[in-house]
Protein chains: 8
Amino acid sequence: MTLQVYLSGEIHTDWREQIVAGAEGLDVRFDGPVTDHAASDDCGVAILGAEPDKYWHDHKGAMVNAIRTRRGISAADVVVVRFGEQYKQWNAAFDAGYAAALGKSLIVLNPPAHQHALKEVHAAALAVAEDPRQVVEILRYVLTGALPDRDRS
Amino acid sequence: MTLQVYLSGEIHTDWREQIVAGAEGLDVRFDGPVTDHAASDDCGVAILGAEPDKYWHDHKGAMVNAIRTRRGISAADVVVVRFGEQYKQWNAAFDAGYAAALGKSLIVLNPPAHQHALKEVHAAALAVAEDPRQVVEILRYVLTGALPDRDRS
Amino acid sequence: MTLQVYLSGEIHTDWREQIVAGAEGLDVRFDGPVTDHAASDDCGVAILGAEPDKYWHDHKGAMVNAIRTRRGISAADVVVVRFGEQYKQWNAAFDAGYAAALGKSLIVLNPPAHQHALKEVHAAALAVAEDPRQVVEILRYVLTGALPDRDRS
Amino acid sequence: MTLQVYLSGEIHTDWREQIVAGAEGLDVRFDGPVTDHAASDDCGVAILGAEPDKYWHDHKGAMVNAIRTRRGISAADVVVVRFGEQYKQWNAAFDAGYAAALGKSLIVLNPPAHQHALKEVHAAALAVAEDPRQVVEILRYVLTGALPDRDRS
Amino acid sequence: MTLQVYLSGEIHTDWREQIVAGAEGLDVRFDGPVTDHAASDDCGVAILGAEPDKYWHDHKGAMVNAIRTRRGISAADVVVVRFGEQYKQWNAAFDAGYAAALGKSLIVLNPPAHQHALKEVHAAALAVAEDPRQVVEILRYVLTGALPDRDRS
Amino acid sequence: MTLQVYLSGEIHTDWREQIVAGAEGLDVRFDGPVTDHAASDDCGVAILGAEPDKYWHDHKGAMVNAIRTRRGISAADVVVVRFGEQYKQWNAAFDAGYAAALGKSLIVLNPPAHQHALKEVHAAALAVAEDPRQVVEILRYVLTGALPDRDRS
Amino acid sequence: MTLQVYLSGEIHTDWREQIVAGAEGLDVRFDGPVTDHAASDDCGVAILGAEPDKYWHDHKGAMVNAIRTRRGISAADVVVVRFGEQYKQWNAAFDAGYAAALGKSLIVLNPPAHQHALKEVHAAALAVAEDPRQVVEILRYVLTGALPDRDRS
Amino acid sequence: MTLQVYLSGEIHTDWREQIVAGAEGLDVRFDGPVTDHAASDDCGVAILGAEPDKYWHDHKGAMVNAIRTRRGISAADVVVVRFGEQYKQWNAAFDAGYAAALGKSLIVLNPPAHQHALKEVHAAALAVAEDPRQVVEILRYVLTGALPDRDRS
């Protein structure tokens, strides 16, 4: 039974690639948002027509992106939400809340400096990690029962 | 049929008081989180015992607060989420996602400067306002059909 | 146990008033959309700010109205959808589909001329009436068991 | 993960064929109503026996068609609802409401002239398009992240 | 917290009256179908117009009655289904299945002779009684903890 | 997308075999209860140990059978419920109610003589047939749009 | 908005009375199982008839009790589950799992010695307390925002 | 249609292996918790970092294990819960409650000595067995209709 994992949040580092590479050989299927920042911002107007007002420009795009993200989160067994060092990242916290309300298993991945600010998000999570490698280890353990220390080193 | 409104988000300005005062006379019941910052941070350890580790200190408190916030959002017809000028406010975005997944009517209240960063949250909202007065006007219209210009000025 | 009835659809005749008057004395609470056509069209921009583009003008208003209509339909035991003689009335058919998917008891009220065009909507209804008086008689029967002929004439 | 798309509404032009052809190569499975108008009208009596009364003739057919349409909409990730130039098309608006209540991602496809009359339906949609080609572009973007301008021209 | 009890099934003996009388003083609200057999059979045509075909005559009535029965069962905490000595009573078994699928607490009341034929219905019940008095005793116990022998005799 | 069809009810004639044979070539998967009457009655005690009391003998079996029937109905797109000429058949009506509450498409198959007694069950159905061949024709139409007259004769 | 609290588990000490007394003046309504051990064990046979086999004696009673406990848990905002010093208390752990699956806010109350054995139950809880007084303090904080130290001492 | 079976509870005997071996050839897929006791206890700290406090050590592990168990139970058609001779086994009872609230078919497997203490858990089960072989026989019967005595010996 393939584990469906949705990788939400930060799009400026290669954390998704690290997790996907690390999980090679495991029965996992990954999904996530479109991570091309420019495409993600402009998809609405590029397809459905330009908007002179920045608000509606953004709105059209965010709604088109929602077709992908809502489906991805709804279909997931596990939702990993990554908070990076910078930016507001309210979409990441929104996805975490959305996933929590649907009863998804939530894993939060963030630098320690964000700990206090994320405490309400952490309270809804089943695991809080700092390194993408830890997410891989959780996925491996959940699927196979193998732990990092005694099984792989 | 009393309208249940949950007021989520920023706790450093008097926006809740403005809305409650403005809605006087309407059939609305307001709910929201505990807005005493110190109590909200420390409720877990104050009741359930001290934790030397800051993470668990915060975690205990955030879980106790979740008893109140999850009930409040679940019981609401309308969830208003306020983003202020400062701080990460990930709990506000988390509440917005949680409310959206439950199919609640979402009203987002934020300064214009946050528009682009909030576009995914806005895409799930039925109204985006900049001033608490606008939230009151929406509640009045939803309950009575009266609009601000011709009915009150 | 008060019966919650939502009266959806046409706003250009007095069918709602006929039903409310006819149901006097029954344990029913009625709800419905804002029926002031101009207010309903302009509520979004009147409260949240003007839009030069007619599409967004309409969109803002329709989303504010959705706060009221979705709550009203969700809370209803019975949803009555009225199709009048004129106009497209797609909002009425939309409400009928929305109510059907939520498992609400649906009563459709329409002139006989619309019968064929409404057949898919009728297929989801528990009653199809032509006259508001019939809707009142259904509500009376459902609440009291009394039928029009032998009990009231 | 194949994207399930239900194509609801108008049956008198080739918009479905355009979308299916345009989406060739994408991981999409399309479904929709029976589009043979005469079969759709007569399926109930053809299988279950003639009805002298036109209302019940239509009713029997609409209920048999509902077996297909409700399943198709329930199984869909995305529901596209097309409004054509003519006819009442209340079944299209009914399907849109049904899909919205189930939380499906809704794309509405209509000529600009219908904009005002469809504003309540648009308020529940994540995209409003005028051309079947735009629907294909949305599906391609949602599945692959590729946008029309820079990726295909 | 008032206990909602729906009394479904047989309409030819006074079992409902026995239960209602026996439960006097308990915090229970009873609901049930229209028990006037003729009204129940004819409500559809009496309100919505005559049908020459007996099938549609019955169908119209059964659908109007469904407005009441579905609401009553949906709102109930406990559904009591009574099978009498005679008739097919498929509506009683249908209500039992409907209640079971909604997770209602089901009490079945039937003469011992029907035991084998009702075994699938019994398998979904939390209590199987032979006498209306036993149903009253269950309701009293559930609400107050008092048992018949030591508490009342 | 394979159509899941659950065949509930009468086990004394070959109606299931007729439908399965007639549907050959269609993308349908059929399920149903164990139709070996003796096995169905005795499965509980045969596996879990004898019961001297006939009620518990039956109860144990009915609960084991419920593992199969509840899963089959829950997984079905279409539930066909057959009422034969004889017996109480309360399990058939129970399954119909169970399926209706879950929102399944219900097809009832019964001899005309049962029409009045089944009117509440019919009110929840999308089709009422008298002959297994009609059920096959509905399945063919739902899957392919082909009608019996013009396509097969 | 009254807080509904279900008090599940141990029936041999006065922890329920302590919580009810401590919560005096708060807008809370408490519910719980029948705590008369003998009545709880014998309710099935006392009402529905004796059973020679102890298994069915117990089964009849447990099913009647389930009418009360399932309703109580389903209606609760908060479920408090108390594990005492003795006995298997599998019904307490069952109620905790039941409440968790329904998304209720779970508070577990147990002596420290049970900590390791309860770790899976704790993982589903929002608070783990050792003393009934702490449960009262949580309820007071959730309803009023008042914390024990600075507000009451 | 493969039957999904989740095997919850005791991890100190080979009951899972017996069931899996006995079910060879049947269309069943088994799932269950990680049964390596040490790995299950330590998975949280092994992956996410050590905790000096035993409570949080256990908590981190129990939450990681919950990712696996909640998914397994949610995906199951049948949940078998085994209670062994020793230990508190509250996680087993918790899983039973969790499965019951989700409407899963529950089979309980326990030695006769535990009968009285498990009566509330049994009240939610469709079968209560003492031997893993009986569970296999139930699975075989549910899938094939074959009973042990006459079909296999």
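Among the residues of segment B:97-111, not a single one is more than 8 Å from every other protein chain (Cβ to nearest Cβ), open to solvent by 10 Å² or more (accessible area, probe 1.4 Å) and over 27 Å from residue B:138 (Cα atoms).
Quick one: would you say residue F:55 is modelled with pLDDT of 95 or more, under 15 Å from the mean Cα position of the chain (by Cα), aromatic (Phe, Trp, Tyr) and not in a loop (DSSP other than H, G, I, E, B)? For residue F:55, the condition - modelled with pLDDT of 95 or more, under 15 Å from the mean Cα position of the chain (by Cα), aromatic (Phe, Trp, Tyr) and not in a loop (DSSP other than H, G, I, E, B) - is not met. Listed by first and then second residue, the pairs with beta-carbon distance under 7 Å, at least 6 apart or on different chains, first residue in segment F:80-101 and under 9 Å from residue E:97 (Cα atoms), second open to solvent by less than 10 Å² (accessible area, probe 1.4 Å) and of a type in the set (Ser, Thr, Tyr), are F:95/F:8. Scanning segment G:7-34 for residues that are touching a Phe, Trp or Tyr at 6+ places or on another chain (Cβ under 9 Å), more than 19 Å from residue G:114 (Cβ to Cβ) and either among the acidic types (Asp, Glu) or part of a strand (DSSP E or B) (or both) returns G:30, G:31. Set side by side, the residues B:44, B:9 differ, and just one is on the phi > 0 side of the Ramachandran plot, out of contact with any Cys (no Cβ under 9 Å at 6 or more places or on another chain) and open to solvent by less than 20 Å² (accessible area, probe 1.4 Å), which is B:9. Looking across segment B:5-15 at every residue that is in contact with a helix residue (DSSP H, G or I) (Cβ under 8 Å, 6 or more places away or on another chain) and of a type in the set (Val, Ile, Thr), the one that is nearest to residue B:91 (Cα to Cα) is identified as B:11. Taking the criterion of being in a helix (DSSP H, G or I) and open to solvent by less than 20 Å² (accessible area, probe 1.4 Å), the residues of segment E:118-138 that qualify are E:118, E:119, E:121, E:122, E:132, E:135, E:136, E:137, E:138.
Could you please let me know if residue H:19 is in contact with a Leu (Cβ under 9 Å, 6 or more places away or on another chain) and in contact (Cβ under 8 Å) with a residue 40 or more places away in the chain? For residue H:19, the condition - in contact with a Leu (Cβ under 9 Å, 6 or more places away or on another chain) and in contact (Cβ under 8 Å) with a residue 40 or more places away in the chain - is met. Picking from residues in segment G:139-153 that are within 7 Å of another protein chain (Cβ to nearest Cβ) and surrounded by fewer than 24 Cβ atoms within 10 Å (Cβ to Cβ), the one that is nearest to residue G:26 (Cα to Cα) is G:145. Entry remark, segment A:72-94: residues being on the phi < 0 side of the Ramachandran plot and in contact with an Asp or Glu (Cβ under 8 Å, 6 or more places away or on another chain) number 13 in total.
Take the conditions (1) away from chain C (no Cβ under 12 Å); (2) open to solvent by 10 Å² or more (accessible area, probe 1.4 Å); (3) under 19 Å from residue D:7 (Cβ atoms); (4) part of a helix (DSSP H, G or I); residue D:39 misses just one of them, which is (2). Here is the figure for segment H:63-85: residues that are surrounded by fewer than 18 Cβ atoms within 10 Å (Cβ to Cβ) and within 7 Å of another protein chain (Cβ to nearest Cβ) total 1. With the structure loaded, tell me whether residue B:18 is on the phi < 0 side of the Ramachandran plot, surrounded by fewer than 20 Cβ atoms within 10 Å (Cβ to Cβ) and out of contact with any helix residue (DSSP H, G or I) (no Cβ under 6 Å at 6 or more places or on another chain) or whether it fails that test. No. Remark: residue E:98 matches the filter, which requires a residue to be within 15 Å of the chain's Cα centre (by Cα) and more than 19 Å from residue E:131 (Cα to Cα). Is it the case, given these coordinates, that residue C:45 is more than 15 Å from residue B:127 (Cβ to Cβ) and among the β-branched types (Val, Ile, Thr)? So residue C:45 does not fit the description; no.
On inspection, residue B:115 fails the criterion of being at positive phi and either open to solvent by 10 Å² or more (accessible area, probe 1.4 Å) or in contact (Cβ under 8 Å) with a residue 24 or more places away in the chain (or both). Exactly one residue among D:60, D:88 is open to solvent by 10 Å² or more (accessible area, probe 1.4 Å), in a helix (DSSP H, G or I) and either in contact with a Leu (Cβ under 7 Å, 6 or more places away or on another chain) or at pLDDT below 95 (or both), and that residue is D:60. In segment E:21-35, of all residues being of a type in the set (D, E, K, R) and either within 14 Å of residue E:138 (Cα to Cα) or surrounded by fewer than 16 Cβ atoms within 10 Å (Cβ to Cβ) (or both), the one that is farthest from the other protein chains (Cβ to nearest Cβ) corresponds to E:24. Evaluation of residue F:43 against the conditions (1) touching a residue at least 40 places away in the same chain (Cβ under 8 Å); (2) in contact with a Phe, Trp or Tyr (Cβ under 6 Å, 6 or more places away or on another chain) shows that the sole unmet condition is (1).
The values are calculated or read from the model by the stated rules, or taken from the named source; none is laboratory data. Keep in mind the model is a prediction, meaning the values are calculated, not measured. Neighbour counts run over all protein chains shown; Cβ positions are idealised from the backbone, glycine included. For accessibility, only protein heavy atoms count, side chains too; no ligands or nucleic acids. Shrake-Rupley method; radii C 1.70, N 1.55, O 1.52, S 1.80 Å.
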